[in-house]
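Below is one structure, written out as structure tokens; comments come after it.
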Amino acid sequence: MNTEELLKSGKLELYVAGALCGKEAREVAAMVKEHPELQKEVQAIEAALLATLNESSVAPSPELKGKVMAAISNQMQVAGTEKSISNTVENTGAKVIAMNPANRWLAAASVALFIALGATYFILNEQIGKQRAEITALNDKYITQTAADKRYADELALINHHLTKKIVLNGVAGEPNARAIVYWNTLNKRVIVSPTDLPAPPEGKQYQLWAMVDGKPVDAGVFDVTSDSIKLDEVKKIDNAQAFAITLEQKGGVPSPTLSAMYVMGSI
């Protein structure tokens, strides 16, 4: 690197601020010793930095200054310690231009500023990550709720349709308090069951709806009932029916009803 390249590289400013170490510091120090124009530039940089520091009129607290200077000293030790760098430079015959206390404080303050900016970046980045996660969760919740609202609106429209029949299923012998409602649309054959008064089934069991078609039970599908929520369930389509009944079967349903496990029944 020649003198012109060094002047344009910005390394002289880093050298004056004490931000260079090791091989780079030795090379710059050697070139400054050999070239008067570089020495003048170093003096000009020192004067400019000192003037900037004086203009700020902000004096650091002794405690803060001590902490920052200690941090800078530790950084230099990691790179090879101040002493080893100084000895190596002397062995090369290069002259090291020492910084005055004001310039050392300016370099230390610069490092402290970079550390503070880095910490702020990571804190803000973490907060942004949390906010993005919250937005994603809210968006998923919105999509789920929108789908549920659409389904409820569709079911309500079916229930209120003028061709939908409401069949009340009352409890049979042994289950006098059981009750359910079936909504069957004779146009599109869709069936919705509302288990209004059916107890929550035991584990491994599930309610199954049956349609009586030409005197034979036809599987109309299984549905869920929980102790803390009763909801509408759309089951299988039924082309024709004279009655509906509900039995308690093994989870997943069975091909034919267990008559002894019948809870409710109602005719159309």
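The values are calculated or read from the model by the stated rules, or taken from the named source; none is laboratory data. Predicted model only: the values in this text are computed from it and were never measured. Glycine also receives a Cβ, built like all others from the backbone with ideal geometry; neighbour counts cover every protein chain displayed.
Some observations on this one:
- Selection of the stretch 197-242 for residues being under 20 Å from I159 (Cα atoms), free of Cβ contacts under 8 Å to residues at least 40 places away in the same chain and among the aliphatic types (A, V, I, L, M) yields L209, A211, A220, V222, V225, I230.
- Qualifying residue in the stretch 201-222 (condition: buried (at least 18 other Cβ atoms within 10 Å of the Cβ), in contact with a Gly (Cβ under 9 Å, 6 or more places away or on another chain) and on the phi > 0 side of the Ramachandran plot): yes
- Test result for E46, at pLDDT below 80 and buried (at least 17 other Cβ atoms within 10 Å of the Cβ): yes
Quick grid of which residues meet (1) more than 42 Å from the chain's Cα centre (by Cα); (2) not acidic (D, E):
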{"residue": "V182", "(1), (2)": "yes, yes"}
{"residue": "V193", "(1), (2)": "no, yes"}
{"residue": "T196", "(1), (2)": "no, yes"}
{"residue": "K236", "(1), (2)": "no, yes"}
{"residue": "D239", "(1), (2)": "yes, no"}
{"residue": "L248", "(1), (2)": "yes, yes"}
{"residue": "G253", "(1), (2)": "no, yes"}
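This table checks each residue for (1) of a type outside the set (K, R); (2) farther than 20 Å from I246 by Cα.
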{"residue": "K130", "(1), (2)": "no, yes"}
{"residue": "E134", "(1), (2)": "yes, yes"}
{"residue": "A148", "(1), (2)": "yes, yes"}
{"residue": "G174", "(1), (2)": "yes, no"}
{"residue": "I181", "(1), (2)": "yes, no"}
{"residue": "W184", "(1), (2)": "yes, no"}
{"residue": "L187", "(1), (2)": "yes, yes"}
{"residue": "P195", "(1), (2)": "yes, no"}
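- When we screen K189, K165 for residues that are surrounded by 12 or more Cβ atoms within 10 Å (Cβ to Cβ), of a type in the set (D, E, K, R) and part of a loop (DSSP other than H, G, I, E, B), the only hit is K189.
- The lone exception for P257 - which of (1) surrounded by 15 or more Cβ atoms within 10 Å (Cβ to Cβ); (2) at pLDDT below 95 it fails: (2)
- Restricted to the stretch 6-43, and to residues there that are charged (D, E, K, R) and within 48 Å of the chain's Cα centre (by Cα), the residue that is modelled with the lowest pLDDT is E13.
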